[in-house]
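The values are calculated or read from the model by the stated rules, or taken from the named source; none is laboratory data. Computed from a predicted structure; not experimentally measured. Virtual Cβ from ideal backbone geometry, glycine too; neighbours counted across all protein chains shown.
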Amino acid sequence: MAGHIAALYRHPVKGFTPEPLARAALTAGAPFPCDRLYAVETGPSGFDPDAPAFVPKQKFAVLAALPQVARAVTRYDEASQRLEVRAPGLPDLSAPLGEAAGRQAFADWLTRLLGDDARGPLQVLQAPGHRFMDHPKGDVSILNLASVRDLEQKLGREIDPLRFRANIYVEGWPPWVENQWAGAGMMVGWAQAQVFKPIVRCAATDVDPATGVRDMEITKALFDHYGHMFCGVYVHVTRDGAVSLGDACSQPQPEAAAQPIFGGAAR
């Protein structure tokens, strides 16, 4: 089942601007590079940086809970750990997130942006080696663009694929075939991976990532038209390798793919 990589994205700060890449190096057993390194806590979340563990995304400033964060345009420099951020009506900010003072500066700036919509004191969280993923085992996310287009046809309107905040966007697969691949091996560029499970979508996809306006009901549409709320899959990298735009992204052993076990058959 051959396809090719049409886009690559990382999300250095959970819930904020996706950053396009031309190339990335995937590592066995590791998440996507420079993805979800930081998260903004909206009131006490229970996260302990000395003993980092999974915390549900509802505890953080994400589009599902605070669509206004889409108004902040961010850009992260990995080498310096510096975040550049801008939004209408506020001065631009350059904050070194590797330093406590820089994280506090970003939290203060964001508090001004959100105003009364902030549900509690904001704090930028990070811990060495920890990633703030939506699922504790959701290492790398892949979106089948044909599935998004199939949903577009059902709704009669365009859907920005960035609503799904994936790492790897693939062209060339039939719509929804990925829902049948739990447990199957696949090639992702020059890396090898195993499909973990389909991604259950939430209200974050209802928000236009460019405007911060909640203008669609994606999760409802998925259930109404397909009987599930899946779009995309999580994979675990099993062999190191580079991935680049245009690289093949294929399932080398389709006969080993498991039957759908997370819901009804793909449609």
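List of remarks:
- Matching option when the condition is assigned to a helix (DSSP H, G or I) and either hydroxyl-bearing (Ser, Thr, Tyr) or in the same structural domain as LEU245 (by TED's automatic domain parsing) (or both), among LEU113, LEU151, LEU143: LEU151
- The conditions of being crowded, with 16+ Cβ neighbours inside 10 Å, assigned by TED's automatic domain parsing to the domain that holds TRP190 and touching a Cys at 6+ places or on another chain (Cβ under 8 Å) are not met by PRO18.
- THR238, sole failed condition from (1) more than 19 Å from PHE32 (Cβ to Cβ); (2) polar (S, T, N, Q); (3) more than 17 Å from the chain's Cα centre (by Cα): (1)
- Just one of (1) buried (at least 20 other Cβ atoms within 10 Å of the Cβ); (2) farther than 24 Å from ARG201 by Cα; (3) touching a Lys or Arg at 6+ places or on another chain (Cβ under 6 Å) fails for ALA24. It is (3).
- Among residues of segment 130-164 being acidic (Asp, Glu) and without any contact (Cβ under 8 Å) to a residue 40 or more places away in the chain, the one that is surrounded by the most Cβ atoms within 10 Å (Cβ to Cβ) is ASP150.
- Residue match in segment 177-184 (condition: polar (S, T, N, Q), assigned to a strand (DSSP E or B), modelled with pLDDT of 95 or more and under 20 Å from the mean Cα position of the chain (by Cα)): no
- Counted residues, segment 71-88 - those being farther than 25 Å from PRO33 by Cβ, surrounded by fewer than 16 Cβ atoms within 10 Å (Cβ to Cβ) and touching a residue at least 24 places away in the same chain (Cβ under 8 Å): 0
- Any hit, segment 29-38, residues being on the phi > 0 side of the Ramachandran plot and modelled with pLDDT under 95: no
- Scanning segment 107-129 for residues that are touching a Ser or Thr at 6+ places or on another chain (Cβ under 9 Å) and either within 15 Å of TYR38 (Cβ to Cβ) or surrounded by fewer than 16 Cβ atoms within 10 Å (Cβ to Cβ) (or both) returns ARG119, GLY120, PRO121, LEU122, GLN123, LEU125.
- Qualifying residue in segment 177-184 (condition: without any contact (Cβ under 8 Å) to a residue 40 or more places away in the chain and farther than 15 Å from PHE230 by Cβ): no
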